[in-house]
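The next block holds one structure in the form of structure tokens; read it before the comments.
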Amino acid sequence: MTHDLNRRGFLAASGAVAGGLAFVSPSALFAQEGGTLRFALSTYPPSFDAWASSGTAAGTIKLLMHRGLLSYDAEGKMRGELAESWEVDDSGAWIFKLRDAKWHDGSPVTAEDIAWNVTEGQKADSAAYFQGQLVQILTVETPDAKTVRMITAEPLAILPGWFAHYNMPMIKKGEPRDTMIGAGPFKLSGQDRGVSLSLVANPDYYKEGLPKLDGIEATVYADENLRVAALEAGDVDLIEYVPWQSMTRIEENPELKLDTRDGPFMYLTFNATRAPFDNPLVRRAVAHAIKREDIVAAAFFERGGPLAHLPIAEQSEFYNPEFANAWDYDPEKAKALLTEAGYPDGFDCTMLSTAQYGMHQSTAEVCQAYLSMIGINAQLDLPEWSSRVQKGNEGSYDLAVMGTTANNNDPAGLSNILDGSLPNSFVRSFGMETPEITEAFARGQAEFDYETRKEIYRGLEETAIETVPIVGLAWRSQGYAMRNSVSGFANMPGQLTFYSGITLEDAMLG
Amino acid sequence: MLRYIAYRSVVALFLVWVVVTAVFLLLHLIPGDPAELLLSQGSIAADPAAVAALREKMGLNAPIWQQYIDHLGGVLTGDLGVSFRDGAPVVEQIAKRLPRTLEVIVTAALIATGIGVPLGTYAAIHANGRADGAISFFASAALSTPVFVVGTVVILIFAQKLKIMPAGGFIPFSEDPVGHIRLLLLPAGTVALSLLAVITRMSRASVLEVLQRDYVRTARAKGLPRKRILRRHVVRNAMIPVLTILGLEMGTLIGGTVLVEFVFNWPGLSGYLVAAVDARDYPEVVGIVMTISILFVFLNLLVDVINAALDPRISLVRR
């Protein structure tokens with residue numbers, strides 16, 4: 001399905017919106033005096049499938065067109081969107097009360113629409129990002145047009161987090177999954193596939209006075225250096241994925257602002273189906289063998305930080321300070337662990353990474369150098385990304401470099417990279433059984449008491465430090481840069497950095 | 001001549017078939033599964049059941065010969081299929097992207113020929129002089145500097161420092177003709193620079209060679225005016241190899257402007273091809289490669305025909 005809009009169509013749509021504006025109240029007009037923000041994307045969304053995970057750029061565009069039941073504010077606190085309140089009832093079911101909101105075609109958002117999203121997303125072949133989670137919802141009830149009741153087999157504390165994710169926006173019942181009809185602050189008014197997207201403000205958006213901009217012109221600048229050049233030249237107002245090597249230059253430019261957050265992280269995965277990495281002692285040896293500061297320097301130009309534990313950020317309420325340096329750099333300890341495991345002279349192995357992304361390759365090279373110091377001779381395998389994904393899924397490696405973010409700042413979001421009961425995937429260690437971790441995730445997601453949950457996740461991290469299902473390597477800084485004239489846009493904290501597109505509803509120019 | 005063109009066209013079609021078949025087979029040989037990739041965006045774990053379902057939908061579970069025959073059947077009816085990624089018809093996308101790449105190449109060729117031929121001719125006439133040395137030096141420098149270096153320097157100077165040109169991008173001509181031309185100038189100028197070096201060197205060598213021909217000496221002996229000798233006897237004959245080189249270079253550029261398109265964010269065919277390969281979007285890759293090979297082969301044919309028109313001694317009829 002294509003959504004090409006020719007110039008005439010674009011003008012007609014713009015005219016219709018402008019015409020519509022003439023009839024709305026003066027306060028609404030005032031709120032939209034923001035002009036058009038020019039946003040440089042790193043890539044064109046490969047798909048507009050509302051429920052699929054299609055990368056950051058697609059996520060940002062979805063956050064402009066669509067809204068889910070919930071979201072996060074700029075500080076990372078969960079807030080209502082299409083749902084104005086949400087609570088768990090005595091039977092453990094989640095109840096979402098909907099606010100008065102309209103789809104882009106003017107029809108109201110109803111409980112039936114929401115229920116349809118859940119039942120469609122949980123179908124086995126839906127390929128929805130949250131399909132695995134949604135199947136845990138046994139029944140969706142709609143007692144009235146504004147109430148949705150979700151019943152799960154066990155009470156689930158983390159359920160609201162699914163509905164706050166940008167890969168679980170709500171679309172109108174019966175619409176195709178890549179529909180442009182959402183309930184978000186902007187409407188798609190035109191697109192040139194692979195090149196650019198034009199969005200105009202939705203005058204019927206349910207938040208009074210928002211969005212503040214008239215529209216957003218999102219253009220793809222795949223080359224990171226050109227993205228920076230375009231910002232410096234004044235061709236664009238805002239860029240995503242600021243390359244680390246350019247961050248200092250942007251900070252020094254009086255016309256520009258840089259907003260960075262440590263959120264995404266690099267880590268090592270193992271093939272646990274064969275020796276030597278089926279042995280936790282060997283994995284722990286690897287964890288202690290690598291000096292992480294060198295990765296931060298080589299791959300991220302000092303923009304990030306060492307990560308010697310599970311990727312739970314220091315700012316998170318679930319952070320465990322006692323594990324801050326659990327996998328500290330200690331070559332003597334690493335050698336002792338290798339000897340204990342029966343490899344006093346080390347061994348040869350292959351390390352999978354990719355030459356397509358510099359940060360993956362540099363990280364692999366630093367790891368290779370440090371592993372050689374304890375006798376592990378890792379031969380690098382650096383195919384391009386798609387081959388790397390396939391090899392990772394098939395387990396054609398001994399250890400591998402990987403980089404990603406978690407779903408949100410709750411440790412439950414880490415199950416994707418840690419839980420060995422999930423099917424084999426390039427984002428997790430291959431064939432690694434983690435019964436205690438699987439069980440801890442299950443307990444954590446069902447627990448409503450904050451202190452108990454904290455204790456569960458502390459135990460989970462303790463187990464992970466011992467059994468080493470992955471090795472944390474480095475946090476990497478994720479940056480947005482903008483002209484000084486841009487205000488209201490914020491890079492969201494920690495793992496939520498890729499949700500930042502949601503703050504574009506508050507963005508203003510001038 | 002018509003028989004010759006018909007014969008060459010048949011050979012060209014055979015070549016295109018060979019290219020399409022080779023690309024189809026190679027794509028299926030290299031690792032990377034389009035379904036798996038599509039469902040693994042943003043570093044997520046793709047569900048094996050969903051991957052299997054998508055493979056079935058994409059028709060990738062059929063035997064490879066079946067896929068090949070289906071694809072060839074589509075090609076013969078002018079249907080290159082739809083993109084695996086979003087179902088966009090491949091023909092439509094090529095029709096949109098190809099003119100943008102051709103625009104850069106043709107503008108670059110015009111600039112390169114317009115400057116390169118007079119420059120090369122001047123250097124040949126004043127061979128071994130100071131000007132010739134300077135021109136040769138410039139040509140060597142331009143030829144040995146990679147396009148991405150030229151592109152990056154040009155952006156640094158004109159967009160980031162002087163701020164008189166946009167850093168890159170694309171606006172359709174119908175929306176803003178001036179903006180369109182402004183955005184076209186830097187990529188076309190960058191491509192033109194290396195092309196200019198080739199044309200200048202070729203023109204110089206060719207003119208130098210023709211200047212030493214007997215008929216030029218005869219023309220001089222007859223007392224013909226110098227300008228007339230140059231225009232009618234030297235340059236015209238010297239242009240045959242230049243034109244051949246230009247044709248070949250332009251053919252190569254159709255699929256080879258990828259770096260320029262990347263550096264200047266120009267949404268042409270080459271960048272489209274790279275993105276398609278990355279995503280293992282088989283219908284897109286085969287469609288684009290086929291288009292490029294058809295253009296390349298027929299551009300060569302065109303050069304032969306023009307050469308014959310320039311020099312009636314070149315016989316088009318096979319003996």
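Scanning segment A:92-114 for residues that are outside any strand (DSSP E or B) and among the hydrophobic types (A, V, I, L, M, F, W, C) gives A:A93, A:A101, A:W103, A:V109, A:A111, A:I114.
Scanning segment B:255-296 for residues that are outside any helix (DSSP H, G or I), more than 9 Å from every other protein chain (Cβ to nearest Cβ) and more than 15 Å from B:S83 (Cα to Cα) gives B:T257, B:W266, B:G268. Considering segment A:216-264, the residues that are without any contact (Cβ under 8 Å) to a residue 60 or more places away in the chain, more than 11 Å from chain B (Cβ to nearest Cβ) and acidic (D, E) include one that is surrounded by the most Cβ atoms within 10 Å (Cβ to Cβ), namely A:E251. Within segment A:73-90, work out how many residues are assigned to a loop (DSSP other than H, G, I, E, B) and touching a strand residue (DSSP E or B) at 6+ places or on another chain (Cβ under 9 Å). Here the count works out to 4. When B:L54 is tested against the conditions (1) modelled with pLDDT of 75 or more; (2) at the interface with another protein chain (Cβ under 9 Å from one of its Cβ atoms); (3) touching a Ser or Thr at 6+ places or on another chain (Cβ under 9 Å); (4) surrounded by 13 or more Cβ atoms within 10 Å (Cβ to Cβ), the lone failure is (3).
When we screen A:A313, A:A285, A:A334, A:A326 for residues that are part of a loop (DSSP other than H, G, I, E, B), at pLDDT 95 or above and not acidic (D, E), the only hit is A:A326.
If you go through segment B:155-175 and keep only what is among the β-branched types (V, I, T), within 14 Å of A:A230 (Cβ to Cβ) and without any contact (Cβ under 8 Å) to a residue 40 or more places away in the chain, you end up with just B:I171.
Within segment A:455-484, the set of residues being touching a helix residue (DSSP H, G or I) at 6+ places or on another chain (Cβ under 9 Å) and in a helix (DSSP H, G or I) comprises A:I456, A:Y457, A:R458, A:G459, A:L460, A:E461, A:E462, A:T463, A:A464, A:I465, A:E466, A:T467. Which members of segment A:476-488 meet the condition of being crowded, with 24+ Cβ neighbours inside 10 Å and at pLDDT below 95? If the condition is that a residue be crowded, with 24+ Cβ neighbours inside 10 Å and at pLDDT below 95, then A:R476, A:Q478 are the ones that fit. From the list B:L25, B:L39, the lone residue that is over 21 Å from B:H71 (Cα atoms) and at pLDDT 70 or above is B:L39.
Scanning segment A:46-67 for residues that are touching a residue at least 40 places away in the same chain (Cβ under 8 Å) and either of a type in the set (D, E) or within 11 Å of chain B (Cβ to nearest Cβ) (or both) returns A:S47, A:F48, A:D49, A:A52, A:S53, A:T56, A:A57, A:G59.
Looking at segment A:376-407, which of the residues that are outside any helix (DSSP H, G or I) and among the β-branched types (V, I, T) is farthest from the other protein chains (Cβ to nearest Cβ)? Write out each step before concluding.
Keep residues of segment A:376-407 that are outside any helix (DSSP H, G or I), which gives A:376-384, A:395-407.
Checking which are among the β-branched types (V, I, T) leaves us with A:376, A:401, A:404-405.
On the way: A:I376: 25, A:V401: 12, A:T404: 4, A:T405: 8 Å.
It comes out as A:I376.
Any idea how many residues of segment A:71-119 are surrounded by 14 or more Cβ atoms within 10 Å (Cβ to Cβ) and either within 14 Å of chain B (Cβ to nearest Cβ) or among the small types (G, A, S) (or both)? Within segment A:71-119, residues that are surrounded by 14 or more Cβ atoms within 10 Å (Cβ to Cβ) and either within 14 Å of chain B (Cβ to nearest Cβ) or among the small types (G, A, S) (or both) number 10. Of all residues in segment B:57-103 being more than 30 Å from B:V191 (Cα to Cα) and touching a Pro at 6+ places or on another chain (Cβ under 6 Å), which is nearest to the other protein chains (Cβ to nearest Cβ)? The selected residue is B:R85.
Only one of B:G168, B:G151 is surrounded by 22 or more Cβ atoms within 10 Å (Cβ to Cβ), in a loop (DSSP other than H, G, I, E, B), under 24 Å from the mean Cα position of the chain (by Cα) and not charged (D, E, K, R). Can you tell me which? Give the derivation first.
Working: B:G151 fails: in a loop (DSSP other than H, G, I, E, B).
None of the others qualify; the one that does is B:G168.
Scanning segment B:197-231 for residues that are basic (K, R) and in a loop (DSSP other than H, G, I, E, B) gives B:R213, B:K222.
The values are calculated or read from the model by the stated rules, or taken from the named source; none is laboratory data. This one's a predicted model, so the numbers in the text were calculated from it and none came from an experiment. So basically every Cβ, Gly included, is an ideal-geometry build from the backbone, and we count neighbours across all protein chains shown.
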